[in-house]
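Following: one structure in structure tokens, then a few remarks.
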Amino acid sequence: MAINGLTIIYDEVKEVSNLLKTKHGMIITDLKSLQQSVSNLTQHGFQFKQSSAELDNAYTKFDVSLTQAAEGIKGFAELLENIIKQAESLDSGIGTSLKKS
């Protein structure tokens, strides 16, 4: 779809949206794995009375921040999908209107 100042190549937008969704899933999986690794470390391989729990708590907070950031990737994928849906709807509506005239 091309309009003065606007070009939408549906397949390219869908490809990037799918890539973002795929990478989001991979990042979330990796973050969960890393969180488990740190948790296991502080329970078994790094044990101090106070600092082990504090390290685990600090990493948990860090993990929450990373997970929220990763959700932004998913949000961009959804935004691209919505843009495509709206562009297709606009295109269809214009086509229908032109057929009626």
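Values quoted throughout were computed directly from the atomic coordinates according to the rules given, and no laboratory measurement underlies them. All figures in this text were calculated on a predicted structure; none of them were measured in a lab. No Cβ is skipped: glycine too gets one built from the backbone with ideal geometry, and neighbour counts run over all protein chains shown.
Which FRET efficiency value, to the nearest 0.05, is calculated for Phe76 and Ser33 with the Förster distance at 25 angstrom and r the Cβ-Cβ distance?
The value I calculate is 0.60.
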The helix 51-100 Cα axis meets the longest alpha-carbon principal axis of the chain at an angle in degrees, between 0 and 90 and rounded to 10, of 10 degrees
The FRET efficiency for Glu12 and Leu98, from their Cβ-Cβ distance with R0 = 22 Å and rounded to 0.05, is 0.25
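Do the alpha carbons of any pairs in Lys14/Lys74; Lys32/Lys74; Lys23/Lys74; Lys23/Lys61 sit beyond 18 Å of each other, and which pairs? Present the calculation step by step, with values, prior to reporting the outcome.
Working: Lys14/Lys74 13 Å; Lys32/Lys74 16 Å; Lys23/Lys74 9 Å; Lys23/Lys61 22 Å.
Beyond 18 Å: Lys23/Lys61.
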Here the residues of segment 36-53 lying in the modelled label zone of Asp63, meaning backbone nitrogen under 14 Å from a point 7 Å along Cα-to-Cβ, are 36-44, 53
Taking only the alpha-carbon positions of the chain as identical scatterers, the Debye log10 I(q)/I(0) at q = 0.20 Å⁻¹ comes out as -0.97
